[in-house]
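Visitor: First, the structure itself, so that you have it in front of you.
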Amino acid sequence: MRLIVQKYGGTSVANAERLAAVAERIARKRQEGFRIAAVVSARGDMTDELIRLAHEITDRPPRREMDMLLATGEQISVALLAMALDRMGVPAISLTGAQGGIRTDQIHTKARIRAVETERLRRELEADKVAIVAGFQGINEVEDITTLGRGGSDTTAVALAAALGAEVCEIFTDVDGVYTADPRIVPDARLLSRISYAEMLEMASLGAAVLQPRAVEVAAQHGVRIEVRSSFSHNPGTVVEDEEESVEQDIVVVGVTHDQNVARVIVLDVPDQPGVAYKLFSALAEEGINVDVIAQTNKSVGVTDVIFSVSRDDRAAAVEIVEVVAQELGAAGVRADESVAKVSIVGAGMVSNPGVAARMFGALAREEINIQVISTSEIKVSCLIEADQVERAVRSIHEEFRLGEGAGG
Ligand code: ADP
Ligand code: ASP
Ligand code: MG
């Protein structure tokens, strides 16, 4: 029998009416002869709400307890969706991440899926039930609940699709698919019919919230076909799959992304000598802090400022670590702020097309937007800019590369 995995995001299950629409969609697919494992996110802004609740109690909630709290959001959704299906006469069963066999490592709030034990799921599916699994959560070796990081339900869905050998993983969200830029910021952003794993991974990592980066990584590893679609329509959406099959290859830049979840850390007046960067960044790496763009500016003879960015959740921890190293190095001090954002262009064709970065810088210059730090790879160019200029930056770059509706690449 044919088997698919469907994932429904927060907006798609936000209220009774939306849940009924989701149940309807699942029921119809089942009638077409499919077995369905459905992964569901917490409703609406529930996860943000739960985070707010924790911070009403303490500035530093223990990560284990944070996971215990956040996992409740998805549990509400699975139970309600099972009820909605039951009311329609469709046999369904809700499962937590643990019951769904999602085993993770120990890293609370950022856990990675290590294995999916599919026995229970297969049993439910073979009994002809719709299996509804709580997204974003799993269980670690010591049987504690873990969560997979923001947007983690996407990864639950892809991991399930891989483990069950589903023919497709459909990600239902609140936009029609993957666009050339966030359609909420660029009204004429164009819907991509296809995108390669490599480009999607880069876009997701650089801020396109529509898929969690880890979900794309898992999909690429296991060859899971992802279809990103709207739960509000029946449009075909975007297929994420291998490059060979991509039809967008002649396009140099596929998309423009932006990321506001950026904090800038500046280590002031660091002695300009060998080993400094090693000391700073190995200390951060040891604590599992991901450093993004890095730059050094020579202020005067013998001293430099080292500037780097981390995600906002890592800001406090990064400053704590770097302050210790800065003192050892004899630096003048450490400063951190959240006044920056990152804007990036992504495209596999960039590597063989010189001048792409220059066009991006030109688009920013025309808007009089100052670039603080640049970082590049074969497939992307990123710039740190002032946070309040980011939307203007995205629109200007999007226009420069003629990515819009009807612009024809
Ligand atoms: P869900 O709750 O369904 O997981 P998310 O909010 O996590 O939904 O992701 C969908 C959102 O991603 C869209 O509402 C859109 O604003 C945002 N987004 C950012 N960049 C893109 C892009 N390039 N294409 C599509 N959506 C994007
Ligand atoms: N509810 C979680 C979040 O808001 C997971 C998800 O939606 O994918 O990040
Ligand atoms: Mg999401």
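The values are calculated or read from the model by the stated rules, or taken from the named source; none is laboratory data. Quick caveat, the model's predicted, so the values are computed rather than measured. Cβ coordinates were reconstructed from backbone atoms using ideal geometry, including for glycine residues, and neighbour counts include every protein chain displayed. Note: areas computed on protein heavy atoms with side chains; ligands, DNA, RNA excluded. Shrake-Rupley method; radii C 1.70, N 1.55, O 1.52, S 1.80 Å.
Visitor: Against the condition charged (D, E, K, R) and in a loop (DSSP other than H, G, I, E, B), how does Asp182 come out, does it pass?
Guide: Yes: the conditions hold for Asp182.
Visitor: Going by what's in this entry, would Glu399 be described as assigned to a helix (DSSP H, G or I), open to solvent by 60 Å² or more (accessible area, probe 1.4 Å) and under 19 Å from Met203 (Cα atoms)?
Guide: So Glu399 fits the description; yes.
Visitor: Given the options Ala166, Ala181, Ala127, Ala131, name the one that is within 27 Å of Leu50 (Cβ to Cβ), at pLDDT 95 or above and either within 16 Å of ligand 1 (Cβ to nearest atom) or over 15 Å from the mean Cα position of the chain (by Cα) (or both).
Guide: Matching residue, one of Ala166, Ala181, Ala127, Ala131: Ala131.
Visitor: State all residues of region 14-43 that are within 12 Å of ligand 3 (Cβ to nearest atom) and over 18 Å from Ala166 (Cβ atoms); if no residue qualifies, say none.
Guide: The answer is Ser41, Ala42.
Visitor: Which of the residues spanning region 189-211 are more than 16 Å from Ile251 (Cβ to Cβ), more than 8 Å from ligand 1 (Cβ to nearest atom) and open to solvent by 40 Å² or more (accessible area, probe 1.4 Å)?
Guide: Answer for region 189-211, where residues must be more than 16 Å from Ile251 (Cβ to Cβ), more than 8 Å from ligand 1 (Cβ to nearest atom) and open to solvent by 40 Å² or more (accessible area, probe 1.4 Å): Leu201, Ser205.
Visitor: Kindly indicate whether Asp154 is surrounded by 23 or more Cβ atoms within 10 Å (Cβ to Cβ), of a type in the set (D, E, K, R) and touching a helix residue (DSSP H, G or I) at 6+ places or on another chain (Cβ under 8 Å).
Guide: Criteria met by Asp154.
Visitor: Go through (1) open to solvent by less than 60 Å² (accessible area, probe 1.4 Å); (2) more than 16 Å from ligand 1 (Cβ to nearest atom) one by one and return the number of the condition Asn290 breaks.
Guide: (1)
Visitor: Anything in region 4-20 that is surrounded by 17 or more Cβ atoms within 10 Å (Cβ to Cβ) and either among the small types (Gly, Ala, Ser) or not in a helix (DSSP H, G or I) (or both)? List them, or say none.
Guide: Hits for region 4-20 are Ile4, Val5, Gln6, Lys7, Tyr8, Gly9, Gly10, Ser12, Ala14.
Visitor: Please go through region 260-275 and pick out each residue that is surrounded by fewer than 20 Cβ atoms within 10 Å (Cβ to Cβ) and touching a strand residue (DSSP E or B) at 6+ places or on another chain (Cβ under 8 Å).
Guide: Once the filter is applied, which keeps residues that are surrounded by fewer than 20 Cβ atoms within 10 Å (Cβ to Cβ) and touching a strand residue (DSSP E or B) at 6+ places or on another chain (Cβ under 8 Å), region 260-275 yields Gln260, Ile266, Leu268, Asp269, Pro271, Asp272.
Visitor: For Glu24, are the conditions met, namely being without any contact (Cβ under 8 Å) to a residue 40 or more places away in the chain and over 26 Å from the mean Cα position of the chain (by Cα)?
Guide: Against the criterion (without any contact (Cβ under 8 Å) to a residue 40 or more places away in the chain and over 26 Å from the mean Cα position of the chain (by Cα)), Glu24 does not qualify.
Visitor: Of the residues Asp59, Asp86, which is in a loop (DSSP other than H, G, I, E, B) and open to solvent by 60 Å² or more (accessible area, probe 1.4 Å)? Please lay out each step first, then the result.
Guide: Details: Asp86 fails: in a loop (DSSP other than H, G, I, E, B).
Step by step, each of Asp59, Asp86 is checked, and only Asp59 is in a loop (DSSP other than H, G, I, E, B) and open to solvent by 60 Å² or more (accessible area, probe 1.4 Å).
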